[in-house]
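Only one structure is covered here, and it is reproduced in the block below.
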Amino acid sequence: MPKNQVGLNIEEKFHKPKITGRKVAGLATIHAATVRLHIKMILTDTQIKEICDEIEQQWDYHLMTRAVFYSKFSEADDYYESPVFYQHNGFDFKIRLPKNKSDRWENAAKGIGTWLNQNFVIRLYGILDSKKIRSIKDKPDIIKLIEILRQNVGAHSSGRKVSKKSELKKATNLINSLFNQNINIQEIDSFILSVDTVLEPMKNQVINYIKSLQKE
């Protein structure tokens, strides 16, 4: 590169103009510079449909499994039916539990609901990450929330304990703000991932945001 020419490294697809070095406030000649241009992400109708369909498919997987393993299924005596919330979504199971439950059964039953909720968050993040949606500039709060949750509910840890109280506070504040909840951070020690009051509105808001990226 000639001594006086400024080098440009533009992230988006733009032609590189020729810019020569210059004296700035008595400083030495600029030999290189990096210019970053950020543009709003635009998706085609086909891309939007593919992304939203995949999110809805993951949601249906989640609802089907939670219709079987809902929050209090293990407390049933020997038989139970899926709660009304799942029935209204088209998933209705009638389950008969074993009479003699092993220690392994009891232990798994305690945590499987939380594990499934965490899995949905990680799957949702994976869709957004694969489509580069989470890497956009000025990301909305719903994307910020999903990123915080993904980092803390099992992607890089067991997901059973909160490693950073500050992350729990940030996520809970976003949940309260985005989903009109009133969770007291002083009363919880884990991330709240309720299917009906957190995960479902999260899924809906993400889909609405993706649709807002439609080409005008």
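Bear in mind that the values in this text are calculations on the coordinates, not laboratory data. Keep in mind the model is a prediction, meaning the values are calculated, not measured. Cβ coordinates were reconstructed from backbone atoms using ideal geometry, including for glycine residues, and neighbour counts include every protein chain displayed.
Give me P(r) over the range 45-212, computed from all C-alpha to C-alpha distances, binned every 5 Å, as integer percentages. Reading upward from the zero bin: 1, 8, 16, 19, 19, 16, 11, 6, 3, 1, 0. With the simple model of a label 7 Å out from the Cα in the direction of the Cβ, E56 to Q214 spans 1.3 nm. Taking the square root of 5 times each eigenvalue of the Cα gyration tensor, what semi-axes in Å does the equivalent ellipsoid of the range 47-101 have, largest first? After scaling each eigenvalue by five and taking roots: 29, 10, 7 Å.
Once the piece of chain linking E167 and I122 is laid out straight, how much longer is it, given 0.36 nm per residue of separation minus the C-alpha distance between them? Write out the running numbers ahead of the final one.
Values: separation 45, 0.36 × 45 = 16.20 nm, distance 1.63 nm.
Full-extension gain reported as 14.6 nm.
Placing pseudo-labels 7 Å out from each Cα toward the beta carbon at K144 and Q181 gives an inter-label distance of 1.7 nm. Amide H to amide H distances under 5 Å link L43 with Q214, K215, where only residues 5 or more positions off or on other chains count and H is placed in the peptide plane.
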